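The values are calculated or read from the model by the stated rules, or taken from the named source; none is laboratory data. From a predicted model like this one, the values you see are computed outputs, not experimental measurements. Positions of Cβ are generated from backbone atoms using ideal geometry, with glycine treated the same way; all protein chains shown enter the neighbour counts. Please note that ligands, DNA and RNA were not included when accessible areas were found on the heavy atoms of the full protein model with its side chains. Shrake-Rupley method; radii C 1.70, N 1.55, O 1.52, S 1.80 Å.
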Amino acid sequence: MKRVVAGNWKMNHGPAAARDYLARFRPPTGEGTARVLLFPPTVSLAAAVAAADGVPGVEIGVQDVNEAASGAFTGETSPVMAREAGATLTLVGHSERRQLYGEDDARVAAKVEAAFAAGLTPVVCVGETLEERRQGRLREVLLRQLDAVLEVLDPGSSWLLAYEPVWAIGTGETATPEDASEAHGILRRRLDAAGLDTGAIPILYGGSVKPANARELMSAPDVDGVLVGGASLDPEDFAAIAEAGTV
Ligand code: PGA
């Protein structure tokens, strides 16, 4: 499977910074190189889509969408409008959405459905908190979050999954390649059991990925790529991570 290297800028890089970034961003191209995805903030979407025209192979997505196509939802992003503005993907259920904005599994599932309906490819994020991990509930939490999404999914649809242990996000604390493989294995077996073509569903690892650890993480069994926050903010660091994804 072609590896996937995704960058989530979170609430960083306005339109001017997005243009400047893409003018400097030179991910590797050619045989065996990773698929490169970037998730700018919604206010920078149009600028990023226009600037990404000059960078071969970069796909642009949004960080979240509302479950409705339009309506009285002040401040929200419509998946249909995001698609119209040039996004082709969306993150769904990022741990910051779940933790800071109270998104539960049902909401995440509804957003996944809305993304598909709008023609956006969802990158579904799952992951356990430190407390859940300490309580030995890794498997239970991951499968609960995954199953909610599997219920609304058409078997043939194209989507990606990201395992992001909450304790490793923005903390400098990285899961070991073994931790990542264990969690990815749990997810992969569930996809298998659901009769899905697991070879067509990349599972990315996210949480304090940097140029220095990206290659090792992506070499771990069942890890098909990475979802990078902090280290995706610098175009050179992110290009180095993309380079590490070459097979
Ligand atoms: P981080 O964030 O790389 O800064 O830990 C990862 C993420 O939240 O996607």
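Selection of the range 143-172 for residues being within 13 Å of Ile201 (Cβ to Cβ) and outside any loop (DSSP other than H, G, I, E, B) yields Leu146, Val149, Leu150, Leu160, Leu161, Ala162, Tyr163. Scanning the range 113-142 for residues that are part of a loop (DSSP other than H, G, I, E, B) and open to solvent by 40 Å² or more (accessible area, probe 1.4 Å) returns Gly119, Gln135, Gly136, Arg137. For the range 169-204, a residue qualifies if it is modelled with pLDDT under 95 and touching a strand residue (DSSP E or B) at 6+ places or on another chain (Cβ under 8 Å), and the qualifying residues are Ile169, Ala175. From the list Thr174, Thr121, the one residue that fits, being in contact (Cβ under 8 Å) with a residue 12 or more places away in the chain and within 16 Å of the ligand (Cβ to nearest atom), is Thr174. In the set (1) closer than 21 Å to Leu227 by Cβ; (2) open to solvent by less than 50 Å² (accessible area, probe 1.4 Å); (3) over 17 Å from the mean Cα position of the chain (by Cα), Ile60 fails one condition alone, (3).
Yes/no matrix, rows are residues, columns are (1) touching a helix residue (DSSP H, G or I) at 6+ places or on another chain (Cβ under 8 Å); (2) within 15 Å of the ligand (Cβ to nearest atom):
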{"site": "Arg137", "(1), (2)": "no, no"}
{"site": "Val141", "(1), (2)": "yes, no"}
{"site": "Ala183", "(1), (2)": "yes, yes"}
{"site": "Arg189", "(1), (2)": "no, no"}
{"site": "Thr198", "(1), (2)": "yes, no"}
{"site": "Ser208", "(1), (2)": "yes, yes"}
{"site": "Ala244", "(1), (2)": "yes, yes"}
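The residues in the range 182-195 that are open to solvent by 20 Å² or more (accessible area, probe 1.4 Å), out of contact with any Leu (no Cβ under 7 Å at 6 or more places or on another chain) and part of a helix (DSSP H, G or I) can be counted, and the count is 5.
The residue list Ala51, Ala87, Ala23 contains one member that is crowded, with 18+ Cβ neighbours inside 10 Å, assigned to a helix (DSSP H, G or I), more than 16 Å from the ligand (Cβ to nearest atom) and at pLDDT 95 or above, which is Ala51.
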